[in-house]
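Right, one structure below, let's go through it.
Nothing in this text is a laboratory measurement; each read-out follows from the coordinates by a stated rule. Remember, predicted model here, so these are calculated numbers, not experimental data. Note that we place each Cβ from the backbone using ideal geometry, even for glycine, and neighbour counts take in every protein chain shown.
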Amino acid sequence: MTAHDRTLQQPVAARAALSARGLSKRFGDFQAIDDVTLEVAEGTIHALIGPNGAGKSTLFGLLTKFIPPTSGTITLGGTDITRFKPEEVVRQGMVRSFQISAVFPHLSLRDNVRVALQHKHGLDRQFWLPERRLNALNGEVDALLDKVGLSDLAGRLASEVSYGRKRALELATTLALDPQVMLLDEPMAGMASADIGTIADLIRRSGEGRTIIMVEHNLDVVEDLCDRVTVLARGAVLAEGSFDEIRASQEVRESYMGAGHD
Amino acid sequence: MSITDNTDFADRGAGRSIDWKMPVAIAVLLGLMVVAPFVAYPIFVMKLLCFALFASAFNMLLGYTGLLSFGHATFFGGAAYATAHAAKVWGLEPLTAILFGTICAAAMGAAMGIVAIRRQGIYFAMTTLALSQMAYFLFLRAPFTHAEDGIQNVPRGRLLGMIDLGETMAMYGLVCAVFLVGMAVIWRIVHSPFGQVLKAIRENEARAISLGYRVDRYKLGAFVMSAALTGLAGSTKALVFQIATLNDVAWHMSGEVILMTLLGGVGTVLGPIVGAGVIVAIQNMFATTGFPVSVIMGAIFVICVMLFRKGIVGTLGQYLRQTRRDPGAKE
């Protein structure tokens, strides 16, 4: 297994944290993703935008191996992960979040984050040990909750807190894994504008030293946060460039910015 | 998407309010176990304890992992056959026979689990049902089970070669010990680092995968442990009644344990015990009247699903939590 082999087999890919080449996915007759090539440079925040149904979430699913691609290759930090299982991708350092807030609703906020840390600390298989052994992780848990501003709610059930806080919690659990690459699927969707600023700030701060790819509809956020933008339409890459380049593109305007966004 | 959809009727929070009441609950339970054989028919109490352990082992899977197995009769009845055979034909010491039955159940659990765990949700339940039906016919045809007759007149033997389990109170003591050990093991598994991961899988399987967990391994682990503890209950029951029959491997038994768990409160520690108590008591009450018990069971199930989905303990726990919280903080 070459999972932990971090040598640079492909010198070209050394600067790219994540790259996909010729990635395609067919569901029956429907070509969901059509020959997508994507290169995400290390340490940058890369936005994925496009109208509904463009295949953004499917692309996330493919990159993290939740959905098996029909063809194409995916390389993460120099390692070919095309044949990896989703949990192996995670262990390789790429973690995704979900469009619909993915928390463990009937666990407390503290337990939500702690579960994410258990594997890293080798405390996930011991069925003979009491739960209180996990208290050893609480320092790290509290630091993460503090980072996202949830420390005063640590004991509450995740199902009891507001939507914005669930998203912040999800970010905390993702950060718990200390990933090199984070894929955030619409981290601001359905949030009040006050929360958007907080989360944007959080993503910026937590993104230091990491590579982030995010699907986002709010173009103000994209402009504010992202170094580079890829526009997806009907499963294919329509354009790629800096935010200003994308905004200037007539093609993108027609297909996306003019139509869906105001 | 995930298996948690199946158990949306469960109150995963209910266990929390019971946690600090645990010492009281344990004291009450122990008190009842001491008094019960003098008040009720000891065989009845032993049967109740066996089913309470069975339902608790089942609940470990449904309530804490989010897996609905429709094949647990195979482990319950299969272990009963194994223990009965070991005690009667091989003349094994009772504790060894029980251990043998438990190990057999674990092995059957591993075999069924490896196949079923690949499927999700309702397909998992259907796979376990199909496999347990296959097991039923194997038990029906296998020479050592004696088909319709079952294994009868199983000797209870002498515990560690010393204590004669033919004495009702000696047998009762052993059943109590088995029950307490079984419950302690379940309690430990559910409240362990492993148990926390199981709960995470129950809550949101996709998220658990995206945190790097190989969920199939945890599910298989939980499945085998649940099967083994179910086998412990079945083995003990075989010695109590001194018989192992097709009844215990039939799908009715798988259904009955689901009913017990749901009625008592899925995902709560005490729920399955209460549920098993109610069902076994009702069965006993109506056994002599000639009134069809299945009609009453069906009615109870309908009432349970319509009026108190969280089960007796779950609903009670929720009520207690509300009355405690109301005077104080408002969100």
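At most 13 other C-beta atoms within 10 Å and a DSSP loop state: those are the exposed chymotrypsin sites (Phe, Trp or Tyr not before Pro) I care about. Give me the longest piece of chain B that has none.
Numbers: sites that count: B:TRP20, B:TRP90.
For chymotrypsin sites (Phe, Trp or Tyr not before Pro) (loop position, at most 13 other Cβ atoms within 10 Å), the longest site-free span of chain B is B:91-331.
I'd like the trypsin sites (Lys or Arg not before Pro) in segment A:181-240 restricted to DSSP loop residues with at most 15 other Cβ atoms within 10 Å, sorted by number.
Details: sites: A:ARG204, A:ARG205, A:ARG210, A:ARG228, A:ARG234; in loops: A:ARG210, A:ARG234.
Loop-located and lightly packed - A:ARG234.
Ordered by packing density, taken as the mean number of other Cβ atoms within 10 Å over each peptide's residues, highest first, how do A:104-111, B:269-276 rank? Please list the in-between numbers first.
Numbers: A:104-111: 23.1, B:269-276: 27.9.
Per-residue mean Cβ counts within 10 Å order the peptides as B:269-276, A:104-111.
Quickly estimate the mean residue ellipticity at 222 nm for chain B, helices only: each DSSP H run with n ≥ 4 gives -39500 (n - 2.57), and the total goes over all residues, rounded to 500.
So the calculated ellipticity at 222 nm is -23500 deg cm²/dmol.
As an exercise, identify the trypsin sites (Lys or Arg not before Pro) in segment B:247-331 lying in DSSP coil whose Cβ has no more than 16 other Cβ atoms within 10 Å. Please list the in-between numbers first.
Numbers: sites: B:ARG309, B:LYS310, B:ARG321, B:ARG324, B:ARG325, B:LYS330; in loops: B:ARG309, B:LYS310, B:LYS330.
Here the trypsin sites (Lys or Arg not before Pro) that fit, given the DSSP loop and packing criteria, are B:ARG309, B:LYS330.
Report, in degrees rounded to the nearest 10, the 0 to 90 angle that the Cα long axis of helix B:251-264 makes with the longest principal axis of chain B.
Approximately 40 degrees, to the nearest 10.
Can you tell me the 0 to 90 degree angle between the C-alpha axis of helix B:293-307 and the longest principal axis of chain B, rounded to 10?
10 degrees
Please list the three semi-axes, largest first and in whole Å, of the ellipsoid equivalent to the protein assembly as shown, using sqrt of 5 times the eigenvalues of its alpha carbon gyration tensor.
Equivalent-ellipsoid dimensions as semi-axes: 53, 26, 21 Å.
Can you tell me which of B:198-211, A:178-191 comes out highest on packing, and rank the rest after it, using the mean Cβ neighbours within 10 Å?
Numbers: B:198-211: 25.1, A:178-191: 20.9.
Result, highest mean Cβ count within 10 Å first: B:198-211, A:178-191.
Which of the trypsin sites (Lys or Arg not before Pro) across segment B:111-153 are loop residues per DSSP, with 13 or fewer other Cβ within 10 Å?
On the way: sites: B:ARG118, B:ARG119, B:ARG141; in loops: B:ARG118, B:ARG119.
When the trypsin sites (Lys or Arg not before Pro) of segment B:111-153 are filtered for loop state and at most 13 Cβ neighbours within 10 Å, B:ARG118 remain.
Which whole-number percent gives the relative contact order of chain A, counting Cα pairs below 8 Å spaced six or more residues apart?
RCO, chain A: 26 percent.
For chain A, take the longest principal axis of its alpha carbons; what is the angle in degrees between that and the long axis of helix A:193-206, to the nearest 10 within 0 to 90?
80 degrees
Just to check I understand the Karplus step: with θ = phi - 60° and J = 6.51 cos²θ - 1.76 cosθ + 1.60, what whole-Hz values come out for segment A:32-41, glycine and proline as x?
6, 10, 10, 6, 8, 10, 9, 10, 10, 6
Can you give the FRET efficiency to the nearest 0.05 for A:ALA143 and A:GLU42, using r as the Cβ-Cβ distance and R₀ = 25 Å?
On the way: r = 25 Å, r/R0 = 1.01.
So the FRET efficiency works out to roughly 0.50.
Averaged across the residues of B:170-181, what count of C-beta atoms belonging to other chains lies within 10 Å of each residue's C-beta? The partial results should precede the final answer.
Numbers: counts 0, 0, 0, 0, 0, 0, 0, 0, 0, 0, 0, 0.
So the per-residue partner count for this stretch is 0.
Can you tell me the Rg and the Dmax, both Å, for the Cα atoms in segment A:107-262?
18.6, 63
When Cβ neighbours within 10 Å are restricted to other protein chains, what is their mean count per residue of peptide A:121-132? Mind dumping the intermediate values first?
On the way: counts 1, 1, 5, 11, 7, 5, 15, 6, 6, 5, 8, 2.
Average neighbour count from other chains, rounded to a whole number: 6.
When ranked by the protection proxy of mean other Cβ atoms within 10 Å per residue, highest first, what sequence do the peptides A:216-226, A:87-97 form? Can you show the working numbers first?
Numbers: A:216-226: 18.5, A:87-97: 22.3.
With the highest mean Cβ count within 10 Å placed first, the list reads A:87-97, A:216-226.
For segment B:3-323, calculate the relative contact order in percent as a whole number, restricting contacts to Cα pairs under 8 Å that are 6 or more residues apart.
Numbers: 538 pairs, mean separation 108.4, N = 321.
This gives 34 percent for segment B:3-323.
Counting pairs of alpha carbon atoms under 8 Å apart in space and at least six apart in sequence, what relative contact order in percent does segment A:104-178 give?
Working: 76 pairs, mean separation 37.7, N = 75.
Result for segment A:104-178 is 50 percent.
Lys and Arg at +1, Asp and Glu at -1: add these up for the other residues within a Cβ distance under 13 Å of B:ALA80 and post the number.
Taking every Cβ under 13 Å from that of B:ALA80, the sum is +2.
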